[in-house]
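Below is one structure, written out as structure tokens; the observations come after it.
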Amino acid sequence: MSATSLLASGTDVGAEIVFWVCATLCVIGALGMLLSRKPVHSALFVALTMINLAILYVALQAPFLGMVQIIVYTGAVMMLFVFVMMIVGVDASDSLIETIRGQRWAAIILVLAFAGLFIGAIVNGLSGVPEPSLEAANSQYGGNLQGIAKIIFTDYIVAFEVTSALLIIAALGAMLLAHRERHTPKPTQEQRSIARFARYAATGELPGNLPPAGTYARHNAIDTPALAPDGSVVPESVPGPLQERGNVRPVDVAAEVEVDEISEGHTVVTVDDDEAGEQR
């Protein structure tokens, strides 16, 4: 057996391994999409199928289709699906509610009709057709990219434009699904400010942001309560988990006195413990 035949046989074996692995993963992804209970899991299974399809395209010497499959479908369309599901909040219980009467039977009939047309087109296309050669098709137009451009913008220009219109309609539909009608007018900044001070007068909730832990205190640790400008302790400045565990540092009385003196306009000179020891 010559080296050329060995190389050809090794290439065929590698191509078969890639095909069977990717084809198996594609089928698993398709079944996972149909059988998953959560929409996000279905979207991830679809992404698995598309990635393996892209690998098959590249293995069949169609790198442009492989890159388009990953960039457009897996990277853009699938992320659009995921974001729509996250924004709209699709739940598994929504599929049990039939909003349009008879839509389930209509969907089943359409799926069966489409499957029959698809299988018939494949059988009709493969009957009496010689074995295709991707190398011959690429060499006819000077490359894979040139051949795809020539076919799309000449023979299939109508189908291409219809597909573009369908994508635009899908994008508009996603925008309509994500849009929510506001039943009350949006409050202005003045109205929100009045509401905050009304809550402060009724419940004592501070209208502004709370000072972080350690503010105006002698220690900047997160378990040290902040001191308000008037010297009072702000217990809400310590995180809730530390308060529940009782890990709140007691406030130094000298810190409160210092804050009071600063608020009254007195100059306060602080001496560190090391400097005080040296003076002694």
Matching residues, the stretch 28-52, being touching a Cys at 6+ places or on another chain (Cβ under 6 Å) and over 24 Å from Ile108 (Cβ atoms): Asn52
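Residue by residue, here is whether (1) more than 30 Å from Leu60 (Cα to Cα); (2) assigned by TED's automatic domain parsing to the domain that holds Phe81; (3) at pLDDT below 80 holds:
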site	(1), (2), (3)
Leu145	no, no, yes
Ile151	no, no, no
Pro185	yes, no, no
Arg192	yes, no, no
Arg199	yes, no, no
Pro225	yes, no, no
Asp230	yes, no, yes
Subset tally (residues that are closer than 18 Å to Leu34 by Cβ, at pLDDT below 70 and hydrophobic (A, V, I, L, M, F, W, C)) for the stretch 86-122: 3
task: Scan the stretch 234-243 and give yes if some residue there is modelled with pLDDT of 75 or more, surrounded by 10 or more Cβ atoms within 10 Å (Cβ to Cβ) and in contact with an Asp or Glu (Cβ under 7 Å, 6 or more places away or on another chain), otherwise no.
output: yes
query: Which one of Val18, Val68, Val58 is part of a helix (DSSP H, G or I), touching a residue at least 40 places away in the same chain (Cβ under 8 Å) and of a type in the set (A, V, I, L, M)?
result: Val18
- prompt: Does Gly125 fit the bill of being assigned to a helix (DSSP H, G or I) and at pLDDT 75 or above?
  reply: no
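In the stretch 162-180, how many residues are outside any helix (DSSP H, G or I) and either touching a residue at least 12 places away in the same chain (Cβ under 8 Å) or over 24 Å from the mean Cα position of the chain (by Cα) (or both)? Can you show your working first?
So the first thing to find is which residues in the stretch 162-180 are outside any helix (DSSP H, G or I), and the list is 179-180.
Narrowing further to those that are either touching a residue at least 12 places away in the same chain (Cβ under 8 Å) or over 24 Å from the mean Cα position of the chain (by Cα) (or both): none.
Number satisfying all stated conditions: 0.
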- request: Mind counting the residues in the stretch 135-151 that are in contact (Cβ under 8 Å) with a residue 40 or more places away in the chain and surrounded by 14 or more Cβ atoms within 10 Å (Cβ to Cβ)?
  value: 4
message: Go through the stretch 45-74 and report how many residues are surrounded by fewer than 16 Cβ atoms within 10 Å (Cβ to Cβ) and closer than 20 Å to Met86 by Cβ.
response: 0
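The values are calculated or read from the model by the stated rules, or taken from the named source; none is laboratory data. Here the structure is a predicted model, which means the values were calculated and not measured. Positions of Cβ are generated from backbone atoms using ideal geometry, with glycine treated the same way; all protein chains shown enter the neighbour counts.
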